1. Within segment 92-112, can you find the residues that are in a strand (DSSP E or B) and touching a residue at least 60 places away in the same chain (Cβ under 8 Å)?
2. Could you please let me know if Gly40 is over 19 Å from Asp122 (Cα atoms) and either surrounded by fewer than 17 Cβ atoms within 10 Å (Cβ to Cβ) or touching a residue at least 12 places away in the same chain (Cβ under 8 Å) (or both)?
3. Those residues that are at pLDDT 85 or above, among the hydrophobic types (A, V, I, L, M, F, W, C) and closer than 14 Å to Arg131 by Cβ, I need them from segment 1-42; list them, please.
4. Restricting attention to segment 113-132, which residues are of a type in the set (Lys, Arg) and closer than 16 Å to Gly42 by Cα?
5. Among (1) touching a Ser or Thr at 6+ places or on another chain (Cβ under 6 Å); (2) assigned to a helix (DSSP H, G or I), where does Gly58 come up short?
6. Checking the structure you have, find out if any residue of segment 68-83 is assigned to a helix (DSSP H, G or I) and either of a type in the set (A, V, I, L, M, F, W, C) or without any contact (Cβ under 8 Å) to a residue 24 or more places away in the chain (or both).
7. Using beta carbons and a limit of 7 Å, which pairs, at least six apart or on different chains, have the first residue in segment 8-34 and farther than 22 Å from Leu103 by Cβ and the second one modelled with pLDDT under 95 and of a type in the set (A, V, I, L, M)?
Amino acid sequence: MKTKFLLFGMMILTLVACDELEDINGSYEVVTIDGQNMAGQGITINIDMSEKENRISGNNSCNEYSGTFENPEANNVDIGMIMATKMYCEEKAKTEQLFMNQLALVKKAEYKNDHLRLMDEDGMVLIKAKRVNE
């Protein structure tokens, strides 16, 4: 009987964990990258996890970008190859490069209190963004 309760409890926890990113869909404005203040830099993240698409897209301060965004389990995420437009913005090049480099390292995501936190595999926050009311 104990085993049945334990298995049932584990199933419930698994289901709850899988739903943690359920509310992640939406638009965000990046506020920090690697601890640096980026508010007002025009860096955006849009996440669409639906039956039709699992995409991440937005603006990296100069160019538009897009790629796949999968949530295989709990808070783990897989961001596929990112494609971006190729405009050159000399004054924004370092910011753009920092964002794209950090985005490539993302392995986990967390959403709470209207903030999206994209983290590396050790749980260190790489990118923090605030939900934009649409």
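1. Listed by number, the residues that qualify are Ala109, Glu110, Tyr111.
2. In short, yes.
3. Of everything in segment 1-42, those that are at pLDDT 85 or above, among the hydrophobic types (A, V, I, L, M, F, W, C) and closer than 14 Å to Arg131 by Cβ turn out to be Ile24, Val30, Val31, Ala39.
4. Those that are of a type in the set (Lys, Arg) and closer than 16 Å to Gly42 by Cα: Lys128, Lys130, Arg131.
5. (2)
6. No, segment 68-83 contains no residue that is assigned to a helix (DSSP H, G or I) and either of a type in the set (A, V, I, L, M, F, W, C) or without any contact (Cβ under 8 Å) to a residue 24 or more places away in the chain (or both).
7. From segment 8-34, the pairs are Ala17/Ala74; Cys18/Ala74.
Residues are listed down the side, and each one gets a yes or a no for (1) among the small types (Gly, Ala, Ser); (2) surrounded by fewer than 18 Cβ atoms within 10 Å (Cβ to Cβ); (3) touching a strand residue (DSSP E or B) at 6+ places or on another chain (Cβ under 8 Å); (4) modelled with pLDDT under 95:
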residue: Thr44; (1), (2), (3), (4): no, no, yes, no
residue: Gly67; (1), (2), (3), (4): yes, yes, yes, no
residue: Glu70; (1), (2), (3), (4): no, yes, yes, yes
residue: Glu90; (1), (2), (3), (4): no, yes, no, yes
residue: Glu96; (1), (2), (3), (4): no, no, yes, no
residue: Phe99; (1), (2), (3), (4): no, no, yes, no
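The values are calculated or read from the model by the stated rules, or taken from the named source; none is laboratory data. None of these values were measured; they are calculated from a predicted model. Ideal geometry is used to build each Cβ from the backbone, glycine not excepted, and the neighbour counts take in all protein chains shown.
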